[in-house]
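Participant: First, the structure itself, so that you have it in front of you.
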Amino acid sequence: MIVLGIETSCDETGVALYDSEAGLLGHALFSQVDIHAEYGGVVPEIASRDHVRKLLPLINQCLEKAGLERNDIDAVAYTAGPGLIGALLVGTATGRSIAMALGCPALAVHHMEGHLLAPMLEEHPPEVPFVALLVSGGHSMLVEVRRIGEYRILGETLDDSAGEAFDKTAKLLDLGYPGGPALARLAEHGDPERFSFPRPMTNRPGLDFSFSGLKTHTRNLWLKGEKDDKTRADIAAGFQQAVVDTLLIKCRRAMQQTRAGQLVIAGGVGANLVLRETLQRAGKKHGWKVSYPRLEFCTDNGAMIALAGCQRLLAGQHTGPGLQAFARWPLDQLPPIGAQRP
Ligand code: KG4
Ligand code: ZN
């Protein structure tokens, strides 16, 4: 089955063609970063309008590169939430229209299920049961996955997501938008030990996160201290180390609690090299397998949506013809794979 995947939940237009037998046939991405940069963050209405402009040309480009015709598409999977509602509706309306024109099934995909299954695009996919650390711009959570499609949320953020904390801290340090990758680059030259940072919510039991205090701590350090380049890099390094250490402590706890032998890292912050190396080392030490997607599939993309959609479509699931998208959509409310969607 060849599935066309469509991702338009935020500021990347992503499309992909995924074959249930042969795997990924091709994918294409247009990032709106340059468009939103002058505003210092994503402007939802501008995001929706640009998805409208880019989506169809990107699908045509992807088909052409893969040497396929429109009629080769057997099903369409589109992100229907969670995310920016206007942006989601572009992918939803386009996906449904293509499916209707081709007379093939369509499926509404949960964006975070896409992130969670993205490591399955790699050569050595993780095997269930596993624990997933999902760290993106919109969400941060630890999820127990006993079977694909059945998700138990072990802990989540009480305020900012890890990605938001990176972005807001970067903005404070005048690193522009999107801040996460820029902050990570600057941190490479900084001394993470110069300033002390808290490891929020690690001195009490539980698997929830909170990153807003860390952001405030950084603000106080930056506003009250010197403003030279060395200080900026040292603050960036200290902040990054605090986020990574906090995530490590929570992952260790989740692995102990569930007795899982496999950890999966996914979502935009999963592209952070210090986080990847730290969890990889912890895996070696504690005997867990650690999997993550290649860097380009950590951040938003169409391939993860095509793959996640394909799992459910193969199980006979599809979504009715209504144009429904969801700004909020709890991951643990997804039907198990094998059960029919309402
Ligand atoms: O998963 P994603 O592309 O979008 C959402 O679903 O939200 O994640 C985007 C987030 C942004 O907050 C971005 O700053 C962060 O991932 N990010 C990073 C890195 N690359 C992207 N954060 C830290 N280090 C990175 N290398
Ligand atoms: Zn995402």
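The values are calculated or read from the model by the stated rules, or taken from the named source; none is laboratory data. Note that the structure is a prediction, hence the values are computed from the model and not measured. FYI the Cβ positions are ideal-geometry reconstructions off the backbone, even for glycines, and counts take in every protein chain you see. Surface accessibility is based on the protein's heavy atoms, side chains included, excluding ligands, DNA and RNA. Shrake-Rupley method; radii C 1.70, N 1.55, O 1.52, S 1.80 Å.
Participant: Given a Förster distance of 25 Å, report the FRET efficiency between LEU295 and ARG328 from their Cβ-Cβ distance, rounded to the nearest 0.05.
Facilitator: Result of the calculation: an efficiency of 0.35.
Participant: Kindly provide the GluC sites (Glu not before Pro) of the stretch 1-70 that DSSP labels as loop, not H, G, I, E or B, and whose Cβ sees at most 11 other Cβ atoms within 10 Å.
Facilitator: Hits after loop and neighbour filter: GLU21, GLU38, GLU69.
Participant: Among the DSSP beta bridges whose two residues both lie in the chain, what percent are antiparallel, rounded to the nearest 5?
Facilitator: 60 percent
Participant: State, as an integer percentage, the relative contact order of the chain based on alpha-carbon contacts under 8 Å between residues 6 or more apart. Provide the component values of the computation, followed by the final result.
Facilitator: Working: 760 pairs, mean separation 84.1, N = 342.
Computed value for the chain: 25 percent relative contact order.
Participant: Of LEU89, LEU221, LEU275, which is the most mobile in a GNM of the chain whose springs link Cα atoms less than 10 angstrom apart?
Facilitator: Ranking LEU89, LEU221, LEU275 by mean-square fluctuation puts LEU221 first.
Participant: Starting from the Cα-Cα distance between VAL52 and ARG259, subtract it from 0.36 nm times their residue separation and give me the gain in nm to one decimal.
Facilitator: Using 0.36 nm per residue and subtracting the Cα-Cα distance, I get 70.0 nm.
Participant: For the chain, modelled as a Gaussian network with Cα springs under 10 Å, which listed residue fluctuates most, LYS215, LYS227, LYS54?
Facilitator: In this elastic network of the chain, the residue with the biggest mean-square fluctuation among LYS215, LYS227, LYS54 is LYS227.
Participant: Considering only DSSP beta bridges with both partners in the stretch 127-292, what is the antiparallel share in %, to the nearest 5?
Facilitator: Among the beta bridges of the stretch 127-292, antiparallel pairing accounts for roughly 60 percent.
Participant: When the chain is fully extended, how far beyond the present Cα-Cα distance does LYS284 get from ARG185, taking 0.36 nm per residue of separation?
Facilitator: So the chain would gain 33.1 nm between LYS284 and ARG185.
Participant: Helix-only estimate, please: 222 nm mean residue ellipticity of the chain, summing -39500 (n - 2.57) across DSSP H runs of length 4 or more and dividing by its residues, to the nearest 500. Working shown, then result.
Facilitator: Numbers: 10 runs with 143 residues, N = 342.
Rounded to the nearest 500, it is -13500 deg cm²/dmol.
Participant: Could you check which residue among HIS124, HIS27, HIS115 shows the biggest mean-square fluctuation in a GNM of the chain with a 10 Å Cα cutoff?
Facilitator: Sorting by GNM fluctuation, first place goes to HIS124.
Participant: Give the cross-link partners of LYS54 among the lysines, using a straight C-alpha distance below 21 Å as the criterion and excluding same-chain residues fewer than 8 apart.
Facilitator: Here the lysines satisfying the reach criterion relative to LYS54 are LYS65.
Participant: In the chain, if the dipole is taken from +1 on Lys/Arg beta carbons and -1 on Asp/Glu beta carbons about the Cα centre, which of SER212, HIS124, HIS51 is farthest to the positive end?
Facilitator: Farthest towards the positive end: SER212.
Participant: For a bin width of 20 Å, list the pair-distance distribution of the chain built from all Cα-Cα distances, rounded to whole %.
Facilitator: Histogramming the chain at 20 Å steps yields 32, 56, 12, 0 percent.
Participant: Here's a follow-up. Once you charge only the Cβ atoms, +1 for Lys and Arg and -1 for Asp and Glu, what is the size of the charge dipole of the stretch 127-292 about its Cα centre, to the nearest 20 debye?
Facilitator: That gives the stretch 127-292 a dipole magnitude of about 520 debye.
Participant: Under 21 Å between alpha carbons: how many lysine pairs meet that in the stretch 127-292, if sequence neighbours fewer than 8 apart on the same chain are excluded?
Facilitator: The result is 15.
Participant: Considering all projection directions equally, how large on average is the shadow of the alpha-carbon convex hull of the stretch 127-292, in square nanometres?
Facilitator: 9.0 nm²
Participant: Suppose every K and R has +1 on its Cβ and every D and E has -1 on its Cβ; what is the size of the dipole of the stretch 218-302 about the Cα centre, in Debye to the nearest 20?
Facilitator: Details: 15 positive and 8 negative charges, 97 e Å.
About 460 debye.
Participant: Probe of 1.4 angstrom, ligands and nucleic acids ignored: what's the accessible area per residue over the chain, in square angstrom?
Facilitator: Here the per-residue accessible area is 44 Å².
Participant: Here is a follow-up. Equivalent-ellipsoid semi-axes (√(5λ), Cα gyration tensor) for the stretch 194-256, whole Å, largest first?
Facilitator: 26, 11, 7
Participant: So how far apart, in nm, are the two label points at GLU21 and ASP72 if each is 7 Å from Cα heading toward Cβ?
Facilitator: Once both label points are built, they end up 1.3 nm from each other.
Participant: State the answer as a single residue: which of ALA77, MET201, LEU89 lies farthest towards the positive end of the charge dipole of the chain, with beta carbon charges of +1 for Lys and Arg and -1 for Asp and Glu, about the Cα centre.
Facilitator: Comparing the listed Cα positions along the dipole, MET201 ranks first.
Participant: Taking only C-alpha pairs under 8 Å that are 6+ residues apart, what is the relative contact order of the stretch 27-146 in percent? Spell out each step's value before the answer.
Facilitator: Details: 120 pairs, mean separation 22.5, N = 120.
Taking the mean separation of contacting Cα pairs over the length of the stretch 27-146, I get 19 percent.
Participant: Another question about this same structure. Quote the relative contact order of the stretch 127-292 in percent (integer), defining contacts as alpha-carbon pairs under 8 Å separated by 6+ residues.
Facilitator: Taking the mean separation of contacting Cα pairs over the length of the stretch 127-292, I get 28 percent.
Participant: Further, regarding this structure: So for the stretch 64-195, taking the charge dipole from beta-carbon charges (+1 Lys/Arg, -1 Asp/Glu), which of LEU133, MET100, ALA187 sits furthest toward the positive end?
Facilitator: About the Cα centre, the residue reaching furthest to the positive side is MET100.
Participant: Can you give the extra length, in nm with one decimal, that the chain gains between VAL33 and ARG204 once fully stretched, where that is 0.36 nm per residue apart less the Cα-Cα distance?
Facilitator: 57.8 nm
Participant: Assigning unit charges at the beta carbon (Lys, Arg +1; Asp, Glu -1) and nothing else, what dipole magnitude in debye, to the nearest 20, does the chain show about its Cα centre? Each step should come with its number before you reach the end.
Facilitator: On the way: 34 positive and 38 negative charges, 204 e Å.
Dipole size: approximately 980 debye.
Participant: Could you tell me what percent of the accessible area of the chain is made up of carbon and sulfur, with a 1.4 Å probe and every protein chain present?
Facilitator: 51 percent
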